[in-house]
Amino acid sequence: MKKITLLFLFFTGIIAYSQKTVPNIKLKNLDGKTVLLSDLTKDKTVVMSFWATWCGPCINELDTIAEQYEDLQEEGFELIAVSIDDTRTKSRVKPLVNGKDWDYTVLLDSNQELKRSLNITNVPYVIIVKNGKIVYTHSGYNPGSEEELIKKFNELK
């Protein structure tokens, strides 16, 4: 048990020490407008969810959060959904988002520059950004993990 505790403290320390700043990258929104990522994350706490149209767990996670998103927004919760669909599949993003009626800010990382700069290998991948710094990351999705994300957000905001 002591070894597990020590490992937990070690990795927690590494994660805390290795906080990254969100890169100052330009992405396009669904209307084709260029958005500077640092402008969306400066002076506040936001959740960024990296997803793709071909990723079932990604869509499940975003659907589950969408069910309670209006109430979450009243508590200050903001989600930015970053699609990593490439040039072949990015045309599917807007129809999917409109069909799902997601109220998120959706950005397109079609050349995957942001994904690469954050060393994200698999989606779904969620980060919490506070004042431009990455303070929490989570990879994968299982039903119920959105509750842990919301809890973590509330602790950090």
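Pick from LYS26, LYS94, LYS42: which is in contact with a Gly (Cβ under 6 Å, 6 or more places away or on another chain) and either more than 23 Å from ASN122 (Cβ to Cβ) or at pLDDT 90 or above (or both)?
Just one listed residue meets the conditions, LYS42.
Provide a single number: the residues in region 31-42 that are out of contact with any helix residue (DSSP H, G or I) (no Cβ under 8 Å at 6 or more places or on another chain), outside any strand (DSSP E or B) and among the hydrophobic types (A, V, I, L, M, F, W, C).
1
Quick grid of which residues meet (1) among the hydrophobic types (A, V, I, L, M, F, W, C); (2) within 19 Å of ILE65 (Cβ to Cβ):
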{"residue": "LEU114", "(1), (2)": "yes, no"}
{"residue": "SER117", "(1), (2)": "no, no"}
{"residue": "VAL123", "(1), (2)": "yes, yes"}
{"residue": "ILE127", "(1), (2)": "yes, yes"}
{"residue": "ASN131", "(1), (2)": "no, no"}
{"residue": "THR137", "(1), (2)": "no, yes"}
{"residue": "SER145", "(1), (2)": "no, yes"}
{"residue": "GLU148", "(1), (2)": "no, yes"}
{"residue": "GLU155", "(1), (2)": "no, yes"}
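Is there a residue being surrounded by 13 or more Cβ atoms within 10 Å (Cβ to Cβ) and in a strand (DSSP E or B) anywhere in region 56-69?
Keep residues of region 56-69 that are surrounded by 13 or more Cβ atoms within 10 Å (Cβ to Cβ), which gives 57-62, 64-66, 68-69.
Restricting the remaining residues to those that are in a strand (DSSP E or B) gives none.
No, region 56-69 has no match at all.
Matching residues to (1) of a type in the set (Ser, Thr, Tyr); (2) touching a Leu at 6+ places or on another chain (Cβ under 6 Å):
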{"site": "GLY99", "(1), (2)": "no, no"}
{"site": "VAL106", "(1), (2)": "no, yes"}
{"site": "ASN111", "(1), (2)": "no, no"}
{"site": "ARG116", "(1), (2)": "no, no"}
{"site": "ASN119", "(1), (2)": "no, no"}
{"site": "ASN122", "(1), (2)": "no, no"}
{"site": "VAL129", "(1), (2)": "no, no"}
{"site": "LYS133", "(1), (2)": "no, no"}
{"site": "THR137", "(1), (2)": "yes, no"}
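Taking region 75-114 only, how many residues are part of a helix (DSSP H, G or I) and either in contact with a helix residue (DSSP H, G or I) (Cβ under 7 Å, 6 or more places away or on another chain) or not hydroxyl-bearing (Ser, Thr, Tyr) (or both)?
Within region 75-114, the subset part of a helix (DSSP H, G or I) is 90-100, 113-114.
In the following step, the residues that additionally are either in contact with a helix residue (DSSP H, G or I) (Cβ under 7 Å, 6 or more places away or on another chain) or not hydroxyl-bearing (Ser, Thr, Tyr) (or both) were identified as 90, 92-100, 113-114.
Of the residues in region 75-114, 12 are part of a helix (DSSP H, G or I) and either in contact with a helix residue (DSSP H, G or I) (Cβ under 7 Å, 6 or more places away or on another chain) or not hydroxyl-bearing (Ser, Thr, Tyr) (or both).
Given the conditions (1) farther than 22 Å from VAL129 by Cα; (2) of a type outside the set (Phe, Trp, Tyr); (3) at pLDDT 90 or above, which single one is not true for ILE4?
Exception for ILE4: condition (3).
What do you reckon, is THR45 surrounded by fewer than 21 Cβ atoms within 10 Å (Cβ to Cβ), under 23 Å from SER117 (Cβ atoms), of a type in the set (S, T, N, Q) and touching a helix residue (DSSP H, G or I) at 6+ places or on another chain (Cβ under 8 Å)?
Judged against the criteria, THR45 is a match.
The values are calculated or read from the model by the stated rules, or taken from the named source; none is laboratory data. Everything numeric in this text was worked out from a predicted model, so none of it was measured. Neighbour counts are summed over all protein chains in view; Cβ atoms, including those assigned to glycine, are modelled from backbone coordinates with ideal geometry.
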